[in-house]
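Only one structure is covered here, and it is reproduced in the block below.
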Amino acid sequence: MENYDLLNAIILLANFVIVPALSYGSQLALAALGITLVYAVLRFSNFAHGDLMAFGTMIAILITWLFQSWGLTAGVLPTALIALPFAMALTAGFCLLTDRVIYKFYREQKSQPVVFMIVSVGVMFIMNAIVRFIIGPKDRTFFDGEKFIIKAVEFKSYTGLPEGLSIKSTQVLTIVIALITMMMLFYFLQKTKMGKSMRAYSNNEDLALLSGINPDRVVMITWIIVGMLATIAGVLYGLDKSFKPFTYFQLLLPMFAAAIVGGIGNPLGAVAGGYIIAFSEVMLTYAYKKFFMYLLPTNLEPSGLMQFLSTDYKFAISFIILVIVLIIRPTGIFRGKTL
Amino acid sequence: MSNFFYSQNLVGGYGGENILNDCSISVNKGEISVIVGPNGAGKSTAMKAMLGMLKLSQGKVFLDEKDISNLSPQDRVASGISFVPQTMNIFNELTVKENLEMGAYLRDDDLYQTFEEMYSLFPILYEKKEQVAGELSGGQRQQVAVGRALMTQPNVLMLDEPTAGVSPVVMDELFDKIIEIKKTGVAIIIVEQNAKQALNIADYGYVLVAGKNKFTGKGSELLNDSEVRKAFLGG
């Protein structure tokens, strides 16, 4: 058994730290991308993004229920995946409506970014209320299909190791869907004329106007993408954990931390920031006692849990990282403001 | 008047006091008109007024015999007027090639030919096409800026102090390029601080003082006019 200690320790870490952090990081990255897009193109911090995610997820859940009532499922995959494209379209439409009814007015007034930010807080409360009004504040699980790709018990019997590795299908789904989404987004921004014009508009608005780029179109496309990203992020998070409107509101802090750590306005930064925040949260709140028991000789076994912070403090971690970044390198890892 | 692009008796400002008080500028295809004058004379403002970026209380702007006074800047760009601002005139986080592409945003046809023309006019842009424009030197950036403006294949090119902040060598080079552009039949208006050099390449010169045409004439005439020399060209 002695020889397998290192392997056991690695599996333990993969099971409780690496896999969960990768999937949580992907969810944060998608969410932070939405925040960064709004910041780069519309030039304000969108505090309504968490509740926009909740709205999108709610729509996906309602459609999922509808499909389930028809007996329509996706077999081993969650039914919510079939509902996702519809929810994305509806949420994008909702974003456009919000822009038309609310943000457009302030854009025409040429309001300061801080005014926009406060307006977004108002929008946040409205979305918050809409979601609670329609689906209620309760915790809801809408996952169906095959729960595990690898079960801990199967892994143990297959490898003969005492330490088990379980990988949930939602974790793999999250990582795969997030990667595909990010690749498509980066392709759109870097290679298509519309994407380039968005970057140009975010880089130098006046010159973009002088080049004939239509600002209304740029704003419209941005909201559509933001709505879709928020829905994907929200549904993946909800499938992986569960859907509760208040949790989505709370996600605002790690989401903004991710966007700012990476350099707000920079999409690559949002992705990097998402994983940095996720790994920090998971690694600093994990109890390493068993990990060290595998690695250290018996007489050096730790007596405590070897946990840096209780999981109750996970939001404090985002907050601390945010403060440190703002003090040491306010521009974030990648200097931003431009897509 | 048979000028291709001209403004008549412009009066206006940015809301407060009038900056332009009866100012008229005109330019013909294949010619260069230069606007010079002391600081605060309204040179750049006159140019911006011709692009429609200013509220005019009086005066009209004509392009190819059509009154375009009521068109928005975007519509004027679409009808063939290109403008290179003095500052922030490139997309500094985009590559050189993307800058040119964005210049041609309004065009749906094949850009290959125009890219070739741009690269032969500014060979350095071909060399640096994949580089981020913000990393280039001052003179190279100006070339990107002018290149971007030319991508729409405009009839009129307006340059706001294109040589501000570049070395004399680069300035001469830029003026040479501008003459090359003029030879392709583009009407060019330049606002310049370096009055002497600018009037040297000008077909027509306008000396603006307090938003008014003070002296108007052929570039060479103004250069030899003793009054203009004494007041604006340092003797």
query = So how long is each side of the protein assembly as shown along the principal axes, counting just the alpha-carbon atoms, biggest first, in Å?
reply = 100, 52, 42
query = Quick one: Cα centre-to-centre distance for the range A:125-182 and the range B:69-137, in angstrom?
reply = 48 Å
remark   = Semi-axes a, b, c in Å (a largest) for chain B, each sqrt of 5 times a Cα gyration tensor eigenvalue, come to 28, 21, 16
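Could you list B:118, B:50 so that the one with the fewest beta carbons within 10 Å of its beta carbon is first and the one with the most is last?
Taking fewest neighbouring Cβ atoms as first place, the list is B:118, B:50.
For the range A:28-121, which trypsin sites (Lys or Arg not before Pro) are both in a DSSP coil and crowded by at most 12 other Cβ atoms within 10 Å?
Working: sites: A:43, A:100, A:104, A:107, A:110; in loops: A:43, A:110.
Taking the range A:28-121 and a limit of 12 other Cβ atoms within 10 Å, the loop trypsin sites (Lys or Arg not before Pro) found are A:110.
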inquiry  = With a cap of 16 neighbouring Cβ atoms within 10 Å, and only residues DSSP puts in a loop, list the GluC sites (Glu not before Pro) found in the range B:1-71.
reply    = B:17, B:65
key: 3J(HN,Hα) from dihedral phi, the range A:296-313, Karplus parametrisation 6.51/-1.76/1.60, rounded to Hz, x for glycine, proline   = 9, x, 3, 6, 9, 3, x, 8, x, 7, 6, 10, 5, 9, 5, 4, 4, 9
remark   = What helix-only [θ] at 222 nm does chain A give? Using -39500 (n - 2.57) per DSSP H run of at least 4, over all residues, to the nearest 500, the answer is -22000 deg cm²/dmol
key: Amide H partners (placed H, <5 Å) of residue B:189, local residues excluded   = B:33, B:157, B:158, B:159
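In this model, which of A:196/B:29; A:193/B:55; B:55/B:214; A:193/B:97; B:29/B:218; A:104/A:138 are farther than 24 Å apart at the alpha-carbon?
Violating the 24 Å limit, Cα to Cα: A:196/B:29; A:193/B:55; A:104/A:138.
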request  = Between the alpha-carbon centers of the range B:1-65 and the range A:227-245, tell me the distance in whole angstrom.
outcome  = 55 Å
query = If Lys and Arg each add +1 and Asp and Glu each add -1, what is the summed charge of the other residues whose beta carbon sits under 12 Å from the beta carbon of residue B:176?
reply = 0
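I'd like the chymotrypsin sites (Phe, Trp or Tyr not before Pro) in the range A:32-89 restricted to DSSP loop residues with at most 16 other Cβ atoms within 10 Å, sorted by number.
For chymotrypsin sites (Phe, Trp or Tyr not before Pro) across the range A:32-89 that sit outside H, G, I, E and B with at most 16 neighbouring Cβ atoms in 10 Å, the list reads A:70.
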ask   = Using Cα pairs under 8 angstrom and six or more residues apart, how large is the relative contact order of chain A, in percent?
value = 32 percent
ask   = Do the sum for chain B: with -39,500 (n - 2.57) for every DSSP H run of n ≥ 4, divided by all residues, what is the mean residue ellipticity at 222 nm, to the nearest 500 deg cm²/dmol?
value = -10500 deg cm²/dmol
ask   = If the cut-off is a Cα-Cα distance under 24 Å, which lysines reach residue A:290, setting aside same-chain residues fewer than 8 apart in sequence?
value = A:151, A:156, A:168, A:314
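Every number in this text was worked out from the coordinates using simple rules, so none of it is lab data. Treat the numbers as computed from the prediction; the structure is a model and nothing was measured. Reconstructed Cβ throughout: ideal geometry from the backbone, glycine too, with neighbour counts over all protein chains shown.
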